[in-house]
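Trainee: The structure that follows is given in the form of structure tokens.
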Amino acid sequence: MKTGIGKDEQGFRPIDLKYLKGDFQESFEIFYKTEAFGTTQYVLFVSADPQHQDKARKLIEEKEGTEDFFIKEDDLNKYYCQATAHLRDMIADPNLSLEDKTRKIYDVSKEIMKDFFEFNASPKILKSSEEVVEIMDDCLSDADADFHAIFEVTSNDYYTYTHSVNVGLYCLAYGVKTEMGSNDIRNLGLAGMLHDVGKSKIEPDILNKNGRLTDEEFEIIKGHSPQGKEILESMRCYPSCVLQVAGQHHEKYDGTGYPNGLVGEEIAHFARICKVTDVYDALTTRRSYKKALAPFDALTVMNKEMKHEFDHKVLANFIKFMGPEL
Ligand SMILES: [Fe+2]
Ligand SMILES: [Fe+2]
């Protein structure tokens, strides 16, 4: 295996070797990081040459969990293609519980969204989320969707990337529970996962500010909704129901939401569902300035104090699915 040195630190992304088992779908280079003379160097660990794949496989198995490995940012899509193919194999294991399957899918989804939000990866990376939504749909549809299994694995610490995955999973489970068609379930799950992509355009200082936002800052935050729609529109691969969720998930049923003050059923059905799951996840996750509410308390707040914001039927369904074991 030949050795080379990467020059540009910015162009490398950390990866997890455990997702690279099985045959490679497409070849790409893998690097490890060394520090020498005060500088960081990325040394070639696996070349992209298909002839080296057997050797690469052995090395990957030996090194799993031992060192930090990296790939070039341009290869992220190939990496996630490999990771989701491996995920599909793992999920097919009949001995794995729904919770374990959900946890594995959650981990890969989280990495995809983290690359997008925290490392400013290109929106092209979002294409990989379609694959994980599909895998999650297969899993939940087989196992009689269980919101509680999902709630068990969702992160309680709020980051935009974990929030995105949580909302995606809640939307997907909502679609399965209400017996939507398979296409709708996947589009709804995807729309939930991508609803806040516009936040990638907002300054982190404003997005993560502790405490009250000024009016001006709030106006900037509000922009994430139309900006998200624009990002997804520019990719020219998403149906209008997915774009609508990005653009309308802050509209409120009574017309007091933003950006357009739409009322009732003027708001797209999927956006009304996302509104409920979005608020639920915001309430049940912890931020530096607030505690996480328990599911029962969050649903009580939503049903008593915020009811005017939601489509009552969607809220009632959501409470019914989340409710029995609360
Ligand atoms: Fe939002
Ligand atoms: Fe959100």
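The values are calculated or read from the model by the stated rules, or taken from the named source; none is laboratory data. The structure displayed is predicted, hence computed values, not measured ones. All Cβ positions, glycine included, derive from the backbone under ideal geometry; neighbour counts span all protein chains shown. Side chains are part of the model used for accessible areas, which takes the heavy atoms of the whole protein and leaves out ligands, DNA and RNA. Shrake-Rupley method; radii C 1.70, N 1.55, O 1.52, S 1.80 Å.
Trainee: Answer yes or no as to whether Tyr174 is within 16 Å of ligand 1 (Cβ to nearest atom) and open to solvent by less than 40 Å² (accessible area, probe 1.4 Å). Lay out the reasoning, then the answer.
Mentor: Numbers: within 16 Å of ligand 1 (Cβ to nearest atom): no; open to solvent by less than 40 Å² (accessible area, probe 1.4 Å): yes.
Considered against the rule, which asks whether it is within 16 Å of ligand 1 (Cβ to nearest atom) and open to solvent by less than 40 Å² (accessible area, probe 1.4 Å), Tyr174 comes out as no.
Okay, residues lined up against (1) more than 16 Å from ligand 2 (Cβ to nearest atom); (2) modelled with pLDDT of 90 or more:
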| residue | (1), (2) |
| --- | --- |
| Asp115 | yes, yes |
| Asp138 | yes, no |
| Asp144 | yes, no |
| Thr154 | no, no |
| Thr160 | no, yes |
| Asn166 | no, yes |
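Trainee: Still on this structure: Considering every residue within the range 220-241, establish whether at least one is more than 19 Å from the chain's Cα centre (by Cα) and among the hydrophobic types (A, V, I, L, M, F, W, C).
Mentor: yes
Trainee: Given the residues Asp138, Asp115, which is the only one that is in a helix (DSSP H, G or I), open to solvent by 40 Å² or more (accessible area, probe 1.4 Å) and touching a residue at least 24 places away in the same chain (Cβ under 8 Å)?
Mentor: Working: Asp115 fails: open to solvent by 40 Å² or more (accessible area, probe 1.4 Å).
Within the list Asp138, Asp115, the selection yields Asp138.
Trainee: List pairs: first residue in the range 300-323 and over 14 Å from Thr284 (Cβ atoms), second residue surrounded by fewer than 15 Cβ atoms within 10 Å (Cβ to Cβ) and not β-branched (Val, Ile, Thr) anywhere in the structure, Cβ distance under 6 angstrom, at least six positions apart or on different chains.
Mentor: Final answer for the pair search is His308/Asp254.
Trainee: Which helices (runs of 4 or more DSSP H) does the range 203-303 wholly contain that include 2 or more residues that are open to solvent by 70 Å² or more (accessible area, probe 1.4 Å) and within 16 Å of ligand 2 (Cβ to nearest atom)? It would help to see each step written out before you state the result.
Mentor: Numbers: elements: 204-207, 215-222, 224-234, 240-248, 269-284.
Where helices (runs of 4 or more DSSP H) fall fully within the range 203-303 and carry at least 2 residues being open to solvent by 70 Å² or more (accessible area, probe 1.4 Å) and within 16 Å of ligand 2 (Cβ to nearest atom), they are 215-222.
Trainee: Take Glu152 and decide whether it is open to solvent by 40 Å² or more (accessible area, probe 1.4 Å) and under 14 Å from the mean Cα position of the chain (by Cα). Walk me through it before giving the result.
Mentor: Details: open to solvent by 40 Å² or more (accessible area, probe 1.4 Å): yes; under 14 Å from the mean Cα position of the chain (by Cα): no.
So Glu152 does not fit the description; no.
Trainee: Now, a different point. Can you name the condition, by its number, that Thr102 falls short on among (1) under 23 Å from Tyr238 (Cα atoms); (2) crowded, with 17+ Cβ neighbours inside 10 Å; (3) among the hydroxyl-bearing types (Ser, Thr, Tyr)?
Mentor: Going through (1) under 23 Å from Tyr238 (Cα atoms); (2) crowded, with 17+ Cβ neighbours inside 10 Å; (3) among the hydroxyl-bearing types (Ser, Thr, Tyr) one by one, Thr102 breaks only (1).
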